[in-house]
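Below is one structure, written out as structure tokens; the observations come after it.
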Amino acid sequence: MNIGIVGYQGDVAEHVELIERMNDEYKREVSVLLVRSVKALSLVSGLIIPGGESTTIYRLIKEFGLFDAMKTRIGEGLPVMGTCAGLILISREIPGERVRTLNVLDVNVKRNAYGRQGDSFVDEIDIEGIGSFNAVFIRAPIIERWGNVLVLAKHGGSPVMVRDGNILGLTFHPELTEDPRVHELFMDMIGSGGYPSTATRDIPMIEYV
Ligand code: GLN
């Protein structure tokens with residue numbers, strides 16, 4: 001299985017490390033590809049859009065042609081997990097913002113909704129099918145409106161983890177904990193009828209294309 005991580009900015013390394021650990025400890029056989037080109041995107045069977053700065057990630061995916069390619073492949077069924085800034089990028093359009101979104105998940109978010117960096121926090125949430133989970137919120141967005149999505153966890157009355165078919169969105173950062181259960185869930189999403197990659201060869205653990 002090749003998992004791609006949009007690899008321009010944000011906590012890319014943390015996702016890579018967690019997946020590496022899952023390979024070691026749980027005998028997963030997952031290759032990670034840092035996706036920075038349309039070519040790289042064509043090689044993956046699942047995609048993580050990490051947390052970071054959504055305006056920056058937006059600008060770069062647009063510049064390298066990934067914005068349209070990602071929208072197309074996600075629409076075709078490519079499993080995708082967006083965490084924090086990644087969730088912002090898959091949500092419905094945000095009016096009057098410097099970030100355009102892919103508009104593939106039926107939620108509206110408000111960016112930086114809990115205040116400044118120093119107002120970041122960790123809190124225990126209850127995730128359906130997983131149980132209690134220590135969720136790290138860093139200048140997190142709030143999901144203000146949600147439509148036809150499955151709410152998997154809430155915090156303070158708002159959804160913080162939602163799923164719609166092949167699309168998983170989280171306002172927090174599972175890659176900043178040692179707990180691989182959210183990534184396991186995403187791998188299960190890829191495994192069960194995940195979108196096939198077009199790769200014709202094995203890809204080593206980390207490759208830049
Ligand atoms: N504040 C960031 C944004 O709006 C998201 C924060 C994060 O990903 N940790 O892009």
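The values are calculated or read from the model by the stated rules, or taken from the named source; none is laboratory data. Worth saying up front: this structure is predicted, and the values here are computed from it rather than measured. Cβ coordinates were reconstructed from backbone atoms using ideal geometry, including for glycine residues, and neighbour counts include every protein chain displayed. In case anyone asks, the SASA skips ligands and DNA or RNA and just uses the protein heavy atoms, side chains included. Shrake-Rupley method; radii C 1.70, N 1.55, O 1.52, S 1.80 Å.
Backbone geometry of region 146-152 corresponds, through the Karplus equation with coefficients 6.51, -1.76 and 1.60 at θ = phi - 60°, to 3J(HN,Hα) couplings of 9, x, 7, 10, 8, 8, 9 Hz, x marking Gly and Pro. Highest mean packing comes first when the peptides 83-89, 105-111, 147-153 are listed by Cβ atoms within 10 Å, giving 83-89, 105-111, 147-153. Highest mean first, the peptides 23-35, 154-166, 134-146 sorted by other C-beta atoms within 10 Å per residue fall in the order 134-146, 154-166, 23-35.
Please report, as a whole percent, how much of the solvent-accessible surface of the chain comes from carbon and sulfur atoms (probe radius 1.4 Å).
Percent of accessible area from carbon and sulfur atoms in the chain: 48.
When peptides 66-76, 91-101, 117-127 are sorted by average Cβ neighbour count within 10 Å, with the highest value leading, the order is 66-76, 91-101, 117-127. Solvent exposure of the chain amounts to 43 Å² per residue of accessible area, where only protein heavy atoms count and the probe is 1.4 Å.
Within the chain, DSSP assigns beta bridges of which about 55% are antiparallel (rounded to the nearest 5). Using the rule -39500 (n - 2.57) for each DSSP H run of four or more residues, divided by the residues of the chain, the 222 nm mean residue ellipticity is -8000 deg cm²/dmol. Distant-in-sequence amide contacts of Asn103, defined by a placed amide H-H separation under 5 Å and a gap of 5 or more residues or a different chain, comprise Ser91.
Counting only residues 5 or more places away or on other chains, whose amide H sits under 5 Å from the amide H of Ala135 once H atoms are built in the peptide plane? Here Asp123, Glu124, Ile125 satisfy the definition.
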